[in-house]
Amino acid sequence: MSTTPVIDVDHLNLTYGDFQAVRDLSFQVGRGELYALLGTNGAGKTSTLETVEGHRPPSSGTVRVFGKDPRERAAVRPRMGIMLQESGFSPDLTVRESIRLIGSLTQRNDNVERLLGITDLTRKATTRVSQLSGGEKRRLDFATAVYGTPDLVFLDEPTTGLDIQSRDALWNAVDRLREDGTTIVLTTHYLEEAQQRADRIGLMHQGTLNREGTVAELTRTLPATIRFGLPPHAPMPPLQATREEDGRFLIETFGLQKDLHTLLGWAQDSAVELAELEAGPTRLDDVFRAIGNA
Ligand SMILES: Nc1ncnc2c1ncn2[C@@H]1O[C@H](COP(=O)(O)OP(=O)(O)OP(=O)(O)O)[C@@H](O)[C@H]1O
């Protein structure tokens, strides 16, 4: 396997007039990875991806895709599929015509009926784009992005507006692409999806990569939580509480299993019933909140 990253962003800076939207950003995405670029609103994700997709020149720094400048369209674009937030379909074309037309521009080969099938648009094949629902348009967007199984696919908020069946179908199709070795770059505000799907996550905030790593690496930086309530006049539990209010306790810990064991053993021995006990590892949401509040 080649060791050249599919995407290599090195000390990228992007400015709009006096405003620096992206500052000194570096990250790499390897072949076959699903990399989620997440961030707070206005963090610079779209600006960064527009540069990686070859639509915007860096103000300084370098961006390489398949080892090339992405503005070399002829070399890079045929290997890429892009699902944008705003689709640019012609409203008068039918679904089938749209896939065929956009597909023909990719210089890749595919079967239009296959794409209609995986996106559950077969019954809408002769419907004009102007008559599609929001979710159906998103699925059409996806069909055109994955036409011909590109080596690299950008999915920008791919599941916004999709019902649960359509979401599952989309992720199944993404899994098939990954089996073929396709590299995926995902942006989404659905953190749960990123947590489930991404091999690695880059968290952007105010133009820089605030944190990067696997979900386990990112969540390891924050404590897990145990929450419970105690009845009036119960003895105090044997753990240091981070917060206690009206008999409700919050314990933050980097040793979840050990502390939970201690707490449950104490409750059993003291015949104390823990009310509404909840214990869980740190979620990506917590990491996200921490960067927003920092
Ligand atoms: N054409 C432009 N001219 C001036 N400022 C811009 C322009 N495009 C984006 N910006 C600013 O650059 C910053 C980064 O914007 P960008 O769209 O890249 O963020 P984002 O991370 O994609 O945000 P969101 O999650 O809200 O979509 C924002 O502060 C935005 O207002």
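The values are calculated or read from the model by the stated rules, or taken from the named source; none is laboratory data. Here the structure is a predicted model, which is why all the values come from computation and not from measurement. All Cβ positions, glycine included, derive from the backbone under ideal geometry; neighbour counts span all protein chains shown. Only protein heavy atoms, including side chains, enter the accessible area calculation; ligands, DNA and RNA are left aside. Shrake-Rupley method; radii C 1.70, N 1.55, O 1.52, S 1.80 Å.
A few notes on this one:
- For the range 221-294, alpha-carbon Rg relative to the globular expectation (2.2 N^0.38 Å, N residues): 1.17
- The peptide list 79-85, 192-198, 149-155, put in order of mean Cβ contacts within 10 Å with the highest first, becomes 149-155, 79-85, 192-198.
- Candidates LEU284, VAL146, THR159 compared by Cα position along the dipole of the chain: farthest toward the positive end lies VAL146, with charges placed on Cβ.
- Placing +1 on the Cβ of every Lys and Arg and -1 on the Cβ of every Asp and Glu, with no other charges, gives the range 1-144 a dipole of roughly 420 debye about its Cα centre.
- The mean sequence separation of alpha-carbon pairs under 8 Å and at least six residues apart, normalised by the residue count of the chain, gives a relative contact order of 19 percent.
- Note on the chain: Cα convex hull, mean projected area over all directions, 19.6 nm².
- Label-to-label distance, nm, for residues given as HIS55 and ARG289 (7 Å Cα→Cβ offset): 3.3 nm
- The protection proxy used here, the mean number of other Cβ atoms lying within 10 Å of each residue, ranks peptides 257-265, 200-208 as follows, highest first: 200-208, 257-265.
- Nearest-0.05 FRET efficiency for GLU157 and ALA75, computed from C-beta distance (R0 41 Å): 0.90
- Theoretical ellipticity at 222 nm over the chain - DSSP helices of four or more residues, -39500 (n - 2.57) apiece, nearest 500: -9500 deg cm²/dmol
- Computed E for ASN41/HIS233 - FRET, C-beta separation, R0 51 angstrom, nearest 0.05: 0.60
- Highest to lowest packing among 281-289, 37-45, scored as the average C-beta count within 10 Å: 37-45, 281-289
- DSSP bridge analysis restricted to the chain gives an antiparallel fraction near 65%, rounded to the nearest 5.
- Note on the range 7-218: dipole from Cβ charges, positive end direction compared against PHE19, VAL65, ILE118; the farthest Cα belongs to ILE118.
- The range 166-235-the range 59-82 distance, computed between alpha-carbon centres (Å): 27 Å
- Accessible area of ARG64 in the full protein assembly, 1.4 Å probe (Å², nearest 10): 90 Å²
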